[in-house]
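The values are calculated or read from the model by the stated rules, or taken from the named source; none is laboratory data. Bear in mind the structure is a predicted one, so any value in this text is a computation, not a measurement. Because the Cβ atoms are built from the backbone with ideal geometry, glycine has one as well, and the counts that use them run over all protein chains shown.
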Amino acid sequence: MALKTIVDRRLKEQDRSLSWLAGQIDKTFDGLKLSLLKESLKYSDIKKMAEVLKVPPAYFFEEENTIENMVEEEKFEYSSLKTELSSCKELAGTLKSQLADKEKIIELLSLKH
């Protein structure tokens, strides 16, 4: 989730405006808005915002991936890799068989001369 969206949500919960927050942390409205949109705030500003909004600094960095989502992603990746490994083993077997056939052909051609 975008930093500005997270801040806007918290401001709405407290019935405050972005211009109010800008004043509280000694920033201009335009400067704060641009920093939030570009997600280019200094950590000291994030700490000030957290203090003013009464949340921990980690609040602004919430992860959208829950543990279940992470596990599902790993399961998908694992099954994908497992399928790929199986395909590679099959290809290796086919190539070994072709190599054996070619060696046999070379051997037979050598005996003919």
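So which pairs qualify, if the first residue must be in segment 1-19 and within 12 Å of Val55 (Cα to Cα), the second must be surrounded by fewer than 15 Cβ atoms within 10 Å (Cβ to Cβ) and at pLDDT below 90, the Cβ gap must be under 9 Å, and the two must be at least 6 apart or on different chains?
From segment 1-19, the pairs are Ile6/Phe61; Ile6/Glu62.
Would you pick out the residues in segment 5-31 that are touching an Asp or Glu at 6+ places or on another chain (Cβ under 8 Å) and under 16 Å from Phe60 (Cα atoms)?
Step one: of segment 5-31, the residues touching an Asp or Glu at 6+ places or on another chain (Cβ under 8 Å) are 6, 18, 25, 27.
Within segment 5-31, Ile6, Leu18, Ile25 qualify.
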